[in-house]
Amino acid sequence: MSSDVSYGYSIVGLIVGIIFAWACAKIAGGKGYSAVLFAILGFFFSCITLVIVLVLPRRTSS
């Protein structure tokens, strides 16, 4: 029984990580930053990365 519960938590954690990765990549790409970098960071550090991406200024080309 304990193994089944642990497996369920792993699946939920993986899905949440993928959702945060997608959201961070989408926002960062829209602001001119590397979508791949922020997707990786968003997967591993979810909420922290999302907050950082939200407060980053839009990159302007000079």
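Here, each number is a calculation from the coordinates, and none is a lab measurement. Computed from a predicted model, the values in this text were never measured in an experiment. FYI the Cβ positions are ideal-geometry reconstructions off the backbone, even for glycines, and counts take in every protein chain you see.
See the values below:
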{"quantity": "Tilt relative to the chain, helix 35-55 - C-alpha long axis, 0 to 90 degrees, to 10", "calculated": "70 degrees"}
{"quantity": "Peptide ranges 49-58, 23-32, 8-17 listed from the most packed, as the mean C-beta count within 10 angstrom indicates", "calculated": "23-32, 49-58, 8-17"}
{"quantity": "Radius ratio Rg over Rh of the chain, counting only Cα atoms, Kirkwood formula for Rh", "calculated": "1.18"}
{"quantity": "Where labels lie 7 Å past Cα in the beta-carbon direction, separation of I11 and F45 in nm", "calculated": "3.1 nm"}
